[in-house]
1. Just one of (1) over 23 Å from the mean Cα position of the chain (by Cα); (2) within 17 Å of A:Ala81 (Cβ to Cβ) trips up A:Thr290, so point out which.
2. Output the number of residues of the range B:150-170 satisfying the condition of being at pLDDT below 95 and aromatic (Phe, Trp, Tyr).
3. Would you mind stating whether B:Ala110 is touching an Asp or Glu at 6+ places or on another chain (Cβ under 7 Å) and either of a type outside the set (Phe, Trp, Tyr) or within 12 Å of chain A (Cβ to nearest Cβ) (or both)?
4. Just checking, does the range A:115-126 include any residue being among the aliphatic types (A, V, I, L, M) and facing another protein chain (nearest Cβ under 8 Å)?
5. I'm told A:Ala45 meets every condition in (1) more than 14 Å from every other protein chain (Cβ to nearest Cβ); (2) in a helix (DSSP H, G or I) except one. Can you identify the failing condition by its number?
6. Looking at A:Leu124, is it within 28 Å of A:Asp249 (Cβ to Cβ) and either open to solvent by 40 Å² or more (accessible area, probe 1.4 Å) or more than 16 Å from the chain's Cα centre (by Cα) (or both)?
7. What number of residues within the range B:246-261 satisfy the criterion of being among the aliphatic types (A, V, I, L, M) and within 22 Å of the chain's Cα centre (by Cα)?
8. Taking the range B:1-45 on its own, how many of its residues are open to solvent by 40 Å² or more (accessible area, probe 1.4 Å) and either in contact with a Pro (Cβ under 8 Å, 6 or more places away or on another chain) or among the charged types (D, E, K, R) (or both)?
2 protein chains.
Amino acid sequence: MPPSRSATMADVARLAGVSVATVSRTLSGTRSVDPAMQRKVTEAAERLGYRVNLVGRALRQTRTSTVGLVVPDLDNPYFSALAQQLSRAFSDPGIDLLVFSADGSLETEARGVRSFLGRQVDALVLIPVHEQLSEPSVTAAAAAVHTIQLDRRVQGTAASYVGVSNRAGMQLVREHVAAAVDVSRQPVVYVGATPDSSSAHERLDGMRQYFSPDVPVLLGDFSAAWGREAAARILADGWTGATIVTAADVIALGVLAHLLHEGRSVPDEFRVVGFDGIGAAALAHPSLTTVRQPVEEMARSIRSLVESDDEPSSRWFKPDIVFGATSPAAP
Amino acid sequence: MPPSRSATMADVARLAGVSVATVSRTLSGTRSVDPAMQRKVTEAAERLGYRVNLVGRALRQTRTSTVGLVVPDLDNPYFSALAQQLSRAFSDPGIDLLVFSADGSLETEARGVRSFLGRQVDALVLIPVHEQLSEPSVTAAAAAVHTIQLDRRVQGTAASYVGVSNRAGMQLVREHVAAAVDVSRQPVVYVGATPDSSSAHERLDGMRQYFSPDVPVLLGDFSAAWGREAAARILADGWTGATIVTAADVIALGVLAHLLHEGRSVPDEFRVVGFDGIGAAALAHPSLTTVRQPVEEMARSIRSLVESDDEPSSRWFKPDIVFGATSPAAP
DNA sequence: CTGTTAGCGCATTCAC
DNA sequence: GTGAATGCGCTAACAG
């Protein structure tokens, strides 16, 4: 069990017979200290099992060397991939990335933002849950600290944005379909997500722009369960031979699972296209054709935004298309 | 851009014409305050956009209402599922769960533990990277704060443990194989992970105990890439018709992807069994037979351990087996 | 190079 | 029910 009180710098100073300032300077290496004293301090700290209290340090300084990340949830593998890449990107410069899951709820998202702001993080990265309703959280964050929206955004806030051009992604899908699919016999259906996040919104718009304003659309959420349900509806509605474009890999995997479960063939009868480029896309059988987001570059971009705190700015990355077997490059 | 200095309680007090103590009592609701003053304080706080500085609060109090979670990585969907469930479990009692990814590295894991201890978290949940080499981190954590090892553990530390009985899981697999597989024609091969984490260790031991000490074994890491490679080796070595038991769903998915890619049939020619019960197991085609861990219950168990800080204790949950199509319940 | 001092923002005594 | 004062642990200014 924890000792009643853990050692403080004053304890170390007392044991080493020096001042607290010397202890501070020695342990944080912020100034040169006489080697003899250094040894005494290090030894004393070691003996007492001293560990710096970051709360005290944070209160004194302005910086905390901490960046907060608020994600809608960690079940979606695209979000956890982003979290993982960001952790890695910030590990190098010695910044702690702390992740908070909003669990799909606006209230919890707001709590996460308040929590990180209260902890005096140096910057906040946020994947907003909702295109409009997350606005208070984004605005509050941006007013207090350098805030970067990732993947999804709320418009008209003083926050930076890093994401992919969703329309460009849909354009890639359009080009692929034009080249490899006979749309007269294999009509396109879009299985998307309700446009209450900017990514869902932009992907839907992209579909309408690059395919047709009247493209058949089924809207649900970013989940495999929704993909399955949508596939069931497509089968029930007699959409045989459809080319199914989806708003996310998790949806596409659900669609694929249901089609195969029902004994339908992919890509012969149906074709399926995902979006995001998560690892599981390559693992599916047949492997998933998908629009891949450059997650690693996006993470690095965020790091550089945080390091040079310039004016808020936005950066759209170009996705690319990865051909799998659910919709092969050649017909 | 952030204002040069954000409002403090002193600012609120000044504007409201009261003392900082009254502001504190009003905003934290810790004591009854005259309603009139309450209004003045609330208004002033509102006007100044006051938000409590949790760093100051944490320094003053002992508790932070924060629990830290250090995971080996967030790419493994089992870990991100645990993180998600824990977030949810702690959301209710108003405790912030903060997640730190060790990115597979002992040094980063140590950094995560130091970071959380320095932040004065109320408790620390840790999925240790290594069965032996993570010992210093676990010990350091347990000496400072209530520490709960999750899923994997380092033995002989003063930390609690919550996890599943891995041997019992393998016993379930054994019973399933005994009932549904003709092992003379469909011999069992284990695709496991190098036993440097307790889960890899215990699952390997379980295989040897419930199948045979001489069960053929291939060891790698907890990744789909390893699963693919192992499957390739199994094919190259002419293990036709094997029943492939794996140490994790991600491995099993890799095995399955490779087998199907090579045109082999599952479950007719090969059977595949996973471990963990992640969502993607049900999404695979054929769906994966797997040993499911009761993640939600485990998360609740951890919450109750944190809430009642008794002596360190351990709790092993019983897994169950979920039959998919990669190894059907009946032959 | 070292020590003394002040104060970061807050919750909690202790007086009233 | 309220206010003044104290100190949580630390680092940065300032003297020496």
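The values are calculated or read from the model by the stated rules, or taken from the named source; none is laboratory data. Treat the numbers as computed from the prediction; the structure is a model and nothing was measured. Cβ atoms come from the backbone with ideal geometry, glycine included; neighbour counts cover every protein chain shown. Please note that ligands, DNA and RNA were not included when accessible areas were found on the heavy atoms of the full protein model with its side chains. Shrake-Rupley method; radii C 1.70, N 1.55, O 1.52, S 1.80 Å.
1. Among (1) over 23 Å from the mean Cα position of the chain (by Cα); (2) within 17 Å of A:Ala81 (Cβ to Cβ), A:Thr290 violates only (1).
2. Residues meeting the conditions: 0.
3. no
4. Looking through the range A:115-126, at least one residue is among the aliphatic types (A, V, I, L, M) and facing another protein chain (nearest Cβ under 8 Å).
5. (1)
6. Here the answer is no, as A:Leu124 does not meet what is asked.
7. Here the count works out to 6.
8. Qualifying residue count for the region: 9.
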